[in-house]
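In what follows, a single structure is set out as structure tokens and then discussed.
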Amino acid sequence: MVKPYTKNPVGAHYGVSEWLLQRLTGVLMAAYTVIAFGYVLYRKPGTYADWTAMFSGNFFRLFTMLFIVALLYHAWVGVRDILMDYLRATGVRLVAQTLVGIVLLFHLIWSASILWGR
């Protein structure tokens with residue numbers, strides 16, 4: 001008889017808090033999408049100057065940065081869970097998670113430099 005595969009806990013204790021944070025980031029991203037879409041429909045920015053003016057205010061810039069942080073965290077939790085489910089070799093999974101983390105960190109720094117750099 002073949003023994004079914006069972007996942008051995010490694011002490012990471014991922015669970016409800018990550019699930020809740022991923023849902024909260026989803027709500028934050030949905031709110032940002034509605035507000036940004038409403039702003040674009042109301043203001044109808046057509047030129048580069050209009051788009052620059054949209055992101056020149058600190059509120060919208062901060063809200064956009066919060067959206068990006070939420071998006072990257074949301075992506076991290078999702079990709080991490082997928083990697084933990086499908087990459088059983090610990091070394092391969094660690095390398096894959098490290099690469100994903102580096103890419104997400106790069107995107108965070110790049111986004112911050114776009115929004116806050118002048």
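Bear in mind these aren't lab numbers, they're just calculated from the coordinates by the rules spelled out. Since we're looking at a predicted model, the values are computed, not measured. When we count neighbours, we look across all protein chains shown, and the Cβ atoms used for this are built from the backbone with ideal geometry, even at glycine.
Can you tell me what the convex hull of the Cα atoms of region 17-116 projects to on average, as an area in nm²?
Working: hull surface 29.9 nm².
Averaged projected area of region 17-116's Cα convex hull equals 7.5 nm².
Take each of the peptides 31-41, 66-76, average the number of other beta-carbon atoms within 10 Å over its residues, and list them starting from the highest. If you can, show how the numbers build up before the last one.
Values: 31-41: 12.3, 66-76: 17.7.
Top of the packing list down: 66-76, 31-41.
Need one number: nm distance between label points at Leu62 and Leu94, each 7 Å from Cα along Cα→Cβ, rounded to one decimal.
4.0
Please report how far the C-alpha centroid of region 95-111 lies from that of region 13-38, rounded to the nearest whole angstrom.
20
When the chain is fully extended, how far beyond the present Cα-Cα distance does Val103 get from Phe55, taking 0.36 nm per residue of separation? It would help to have the intermediate numbers written out before the result.
Working: separation 48, 0.36 × 48 = 17.28 nm, distance 2.45 nm.
Answer, rounded to one decimal: 14.8 nm.
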